[in-house]
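The values are calculated or read from the model by the stated rules, or taken from the named source; none is laboratory data. Note that this is a predicted model, so its numbers are computed, not measured. Cβ sites come from the backbone with ideal geometry, for glycine too, and all protein chains shown count toward neighbours.
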Amino acid sequence: MYYKHFGLEGPPFRFSPAATPFFMSAAHRECLAALEWALLHDECGFMLLLGETGTGKTTLLNAICSRRLPRLRLACVTNPRLSFEEIMRVVLPQLGMPTDERGKLELIRQFEQVVSNRLQDRRTAIVIDEAQDLSDETLEDLRLLANRIGFEDQELQIVLVGHPELLERLSARHLRQLLERISTRVSLLPLSTEESVAYVECRLSAQGGSARIFKANAMRRLVEAAGGIPRRLNVLCHNALVLAYSKNADAVTADIAAEVINDYRAIFLPPPTAPSRFARIRRAQKPVESGDRRPISLGEDAVVVPHRVSIYAAGACAAVAIVGAGSLLLPAAQTWSDQINHAVPAIAGAVAPARHDSPPSSVDNKAVASRTETAAPADAPAMPIPAKKKPASAGGRTAIHIRAGDTFHDLATRYLGSKDRTWDLIKANPQIDDPNVLYVGETIYLPSTPKNDQSRLVQ
């Protein structure tokens with residue numbers, strides 16, 4: 001095998017989670033301490049452990065299970081694609097209570113019996129991995145179970161482990177009661193560069209080797225490509241050792257590391273996708289004044305909206321070019337003033353901005369009208385200026401001013417109670433042509449809500 005070629009006792013980089021060897025980074029120590037506290041002392045009934053794929057959440061759970069904490073009976077659920085009844089059938093045998101084919105009510109009563117028959121000062125805990133895949137119905141059943149069992153003595157603790165999107169799911173209005181029950185919430189962050197190198201050394205030393213198997217520049221490239229994710233480090237380092245073995249090399253060189261990284265680049269660094277219809281607006285690099293009408297940066301893939309001044313400048317240049325070319329064809333008796341008076345209204349309609357964030361003031365309207373009347377001769381036919389699209393009138397509705405980072409999804413959740421009402425908010429603001437592009441300081445209006453439904457608005 002390849003590991004014998006490098007003097008190792010076994011494969012150092014495994015892809016499946018294992019309790020040993022357990023590398024303790026600063027983030028792992030913090031999450032492990034929080035997990036132990038929640039299992040033994042927390043009084044609110046729920047804990048949330050979040051982390052990206054491959055950061056080591058399951059490894060932490062395996063470490064907790066192997067420690068066999070005193071005064072704790074622990075049951076782990078690794079398959080979240082189960083109904084509440086099926087979860088109970090997985091949990092009860094781990095707590096020493098075999099189950100037969102029973103209904104939901106019987107399973108809950110049996111679980112109550114297991115918890116009530118515990119020794120004094122002992123606690124019961126349920127840990128659910130990959131909890132972001134739990135159904136809303138199962139999440140609500142777990143909350144009701146925590147309310148029903150051990151509400152006064154806090155005999156039951158439930159730990160939800162999952163990806164960061166789990167917190168977004170729990171922020172939905174219909175799950176807010178569960179979110180308010182979570183007292184401890186920790187996030188498992190990626191490893192730093194130094195911790196990544198120490199992680200590789202820990203894996204190699206557990207099999208009787210050392211980091212000298214990797215050249216310094218090769219190690220640097222592998223660590224950078226992994227981005228601090230332990231699972232990626234395992235994949236890259238394992239394949240680098242296999243490739244070095246196939247080439248009969250004594251160590252992993254920079255060229256070997258580069259070849260492996262190129263093979264996995266499409267997996268670890270997928271190509272950027274087009275922004276969604278309601279893409280989140282990123283915070284601008286510099287502070288943006290409330291009166292600044294420039295669009296906030298959306299990243300490399302976003303469409304850049306030209307500044308309104310640039311549109312007017314381009315229109316002015318086009319007007320001069322059109323008038324200059326037209327002077328060669330029009331009769332000599334027609335003056336430059338007549339040509340401009342005929343061309344300007346049509347050009348104004350052609351280069352008018354596609355949208356207006358706020359209606360022009362009455363002073364501006366009067367100024368435009370007076371200039372037109374002075375410039376146009378008495379006998380010149382009046383050319384109608386195309387009507388510009390005005391923002392919806394408030395009409396007694398609530399006006400909202402856009403802040404950095406706002407999206408229609410966020411505003412619908414914040415003011416209407418659910419992101420499902422995003423489309424209602426968009427339809428209430430026909431002056432917004434592109435829901436993907438919002439401006440700091442821009443005004444939008446909440447949809448009209450019947451008086452008997454005012455409770456749905458979240459102020």
Notebook entry, point to check: Would you say ARG176 is under 29 Å from ARG123 (Cβ atoms), assigned to a helix (DSSP H, G or I) and without any contact (Cβ under 8 Å) to a residue 60 or more places away in the chain?
Noted result: yes
Next item on the list: Of all residues in region 197-216, count the ones that are surrounded by fewer than 16 Cβ atoms within 10 Å (Cβ to Cβ) and touching a helix residue (DSSP H, G or I) at 6+ places or on another chain (Cβ under 7 Å).
Entry: 1
Checklist line | Filter result (basic (Lys, Arg), closer than 24 Å to HIS238 by Cα and under 32 Å from the mean Cα position of the chain (by Cα)) within region 1-44 | finding: ARG14
Next item on the list: Could you tell me which residue of region 114-148 is farthest from the chain's Cα centre (by Cα), considering only residues that are part of a strand (DSSP E or B) and not basic (Lys, Arg)?
Entry: THR124
Next item on the list: Name, by its number, the condition in (1) touching a His at 6+ places or on another chain (Cβ under 9 Å); (2) part of a strand (DSSP E or B) that does not hold for VAL161.
Entry: (1)
Notebook entry, point to check: What's the number of the condition VAL114 fails, among (1) touching a Ser or Thr at 6+ places or on another chain (Cβ under 9 Å); (2) at pLDDT 90 or above?
Noted result: (2)
Next item on the list: Among what's in region 142-156 and is hydrophobic (A, V, I, L, M, F, W, C) and at pLDDT 85 or above, pick the residue that is nearest to LEU170 (Cα to Cα).
Entry: LEU142
Margin query: Just to check your reading of the model, which residue among ASN62, ASN79 is surrounded by fewer than 21 Cβ atoms within 10 Å (Cβ to Cβ) and in a loop (DSSP other than H, G, I, E, B)?
Written below: ASN79
Notebook entry, point to check: For region 399-447, how many residues are surrounded by fewer than 17 Cβ atoms within 10 Å (Cβ to Cβ), assigned to a loop (DSSP other than H, G, I, E, B), under 17 Å from the mean Cα position of the chain (by Cα) and not small (Gly, Ala, Ser)?
Noted result: 0
Next item on the list: Check GLU101, GLU52 and return the single one that is surrounded by fewer than 20 Cβ atoms within 10 Å (Cβ to Cβ), modelled with pLDDT under 90 and not hydrophobic (A, V, I, L, M, F, W, C).
Entry: GLU101
Item checked: Which numbered condition GLY10 fails, given (1) under 30 Å from ILE149 (Cβ atoms); (2) assigned by TED's automatic domain parsing to the domain that holds HIS238 -> (1)
Next item on the list: Look at VAL114 and say whether it is buried (at least 20 other Cβ atoms within 10 Å of the Cβ) and within 24 Å of GLU137 (Cα to Cα).
Entry: no
Notebook entry, point to check: Regarding THR20, is this residue modelled with pLDDT under 85, assigned to a loop (DSSP other than H, G, I, E, B), more than 24 Å from LEU92 (Cα to Cα) and not basic (Lys, Arg)?
Noted result: yes
Check: Which condition does THR55 not pass, out of (1) farther than 22 Å from PHE13 by Cβ; (2) within 25 Å of the chain's Cα centre (by Cα), if it passes all the others?
Finding: (1)
